[in-house]
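S.K.: Sharing a structure below in structure tokens format, with a few things to ask.
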Amino acid sequence: MRSTPSSPEYSLPWRVSRATLGVLIGLVLAFFALEGAFRFLLFSDTEFAERQGARLRNPHLFADHDSDSDYFKLKQIWSGGNPSKKFVRRNPKLGWLPELVKMPGYGHVAGDRGGERRPFLFYGDSFVACVTPKRDCWQGLLANTPFGEELFTLNYGCSAYGLDQINLLFEESIDQWLPQKPIVAIGILVDNDLDRTVFDYRGCPKPLYRFEDGELAVDYPGGTDYEKWLEENPPSISSYVVRYLSHARSVLPASFAPPRSNDPPVVERKKKLSAAILESLQHELESRELDYFFVLFYGPRTWEFKRPTGWREKFTVNTLDALGIPWVSSRRAMQESAKRFESETGELASERYFVQHGVNFEGHFTREGNLAALPAIMRGLTGQYDGLVKTRATNIATPLPLE
């Protein structure tokens, strides 16, 4: 029997359902077509895709650079796959090593040049490593103060390190120096050293701390085959269309967006990891009965309060104070230096202290910036601190040099 318009399959609900299904199938097909086109523009190495997709090949459109390893993976993929020079010395535990660290054993290339002087070991990121010539970095500047007669500075700073890698390098290298009773300083860039603890990739594979049964554990990158690691651990983005519409355009609800630096769960994770690492550092320092202090560094905007540090500065200071860790602030030293310079010359000091926009190493200390921050380190070396721990006896006889 032939169907008629009055048959059930021709009823209004059936026709609506069939039309709805058709629309849904069409939307799904359109979405996959759009996703395919997006991926072609983003990742194809054809001339057409590279030209037409150039504006889309921006990691800021798909990930947060303070919270998401995918940002750095995409940046690397779109840069042609060649790692930065800072990552040339790859290491299966720390990811990469500073140029002054001597392997095996995590010694120092200048370690045998100190004679009878006491080692001063300075750990940190690029603000400790410096982008200036070595004579204008901390080891060169301190050598030309009265401290240079008693101390021999060994710079363990490494570009792009976060608090996690700083801690690991300290743990790997410290014991060889114990017979010489070194002084240790840990530099923290308040702007984003704590943020870096949540990455397993930041221009190069790196170790990642996690909690296991309430204790810190670490997953090492393993091996030094950069390309193989990235192939095995590609960006975790499942849909570039959804990520673009939620992150770059905010068209889709925030629940579709990737983790962002100030999202409460992300901030809580960074705080929990950083607090545990700071506590671990303190334990390792004090169990070895070392003289030590921390140095807080600030970038070109935060040192003058022109850009807020959000939760970072308050958390860092409060945690250091709560643990009883002595610290000094480069901000205080730099502001005092700037005040003197501006009163004497009538010129602004800020542009003298940092490498300016559009130049390699933008935002890092110049020689003048290092000189302005140097009194903070000198205060630390004589046990005169800025936190709740105001003073601590040290084994250094040299008085605080005049600024």
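S.K.: Every cysteine in the chain with no other Cys Cβ under 4.7 Å from its Cβ, please list them in numeric order.
M.R.: Singleton cysteines: C158, C204.
S.K.: Please name whichever of F315, A110, H60 sits farthest to the positive end of the charge dipole of the chain, dipole taken about the Cα centre and charges placed at Cβ: Lys and Arg +1, Asp and Glu -1.
M.R.: Value: H60.
S.K.: While we're here: So if I place +1 on the C-beta of Lys and Arg and -1 on the C-beta of Asp and Glu, and nothing else carries charge, what would the dipole magnitude of the chain be about its Cα centre? I want it in debye, nearest 20. Don't jump to the answer; show the numbers that get you there.
M.R.: Values: 48 positive and 51 negative charges, 222 e Å.
Approximately 1060 debye in magnitude.
S.K.: With unit charges on the beta carbons (Lys and Arg positive, Asp and Glu negative) and the dipole taken about the Cα centre of the chain, which residue among F31, T224, F294 sits farthest to the positive side?
M.R.: F31
S.K.: Just add up the charged neighbours of Q335: K/R +1, D/E -1, any other residue whose Cβ is under 11 Å from the Cβ of Q335.
M.R.: Net of charged neighbours comes to +1.
S.K.: Using Cα atoms only, what is the angle between the long axis of helix 367-381 and the major principal axis of the chain, expressed in degrees (0 to 90) to the nearest 10?
M.R.: 70
S.K.: Among A248, W138, G380, which residue has its Cα furthest toward the positive end of the charge dipole of the chain, with +1 on Lys/Arg Cβ and -1 on Asp/Glu Cβ?
M.R.: Selected residue: A248.
S.K.: Would you work out if the range 87-225 is rounded, prolate or oblate? Take a ≥ b ≥ c from the square roots of the eigenvalues of the alpha-carbon gyration tensor; rounded if a/c is under 1.5, else prolate when a/b is larger than b/c, oblate otherwise.
M.R.: prolate
S.K.: Return the sequence-ordered ³J(HN,Hα) values of the range 37-44 in whole Hz as given by the Karplus equation 6.51 cos²θ - 1.76 cosθ + 1.60 applied to θ = phi - 60°, using x for Gly and Pro.
M.R.: 5, 4, 5, 4, 5, 7, 10, 5
S.K.: Mind counting lysine pairs for me in the range 232-345? Cα separation below 27 Å, and the two need to be 8 or more apart along the chain or on different chains.
M.R.: Here the count comes out as 8.
S.K.: Using only Cα atoms, find the angle between the long axis of helix 69-78 and the longest principal axis of the chain, and express it within 0 to 90 degrees, rounded to the nearest 10.
M.R.: 80
S.K.: Also, I was wondering about something else. Return the calculated 222 nm mean residue ellipticity for the chain, to the nearest 500 deg cm²/dmol, obtained by summing -39500 (n - 2.57) across DSSP H runs with n ≥ 4 and dividing by the residue count.
M.R.: Using -39500 (n - 2.57) per qualifying helix, the result is -11500 deg cm²/dmol.
Every number here is computed from the coordinates shown, using simple stated rules; none is lab data. None of these values were measured; they are calculated from a predicted model. Ideal geometry is used to build each Cβ from the backbone, glycine not excepted, and the neighbour counts take in all protein chains shown.
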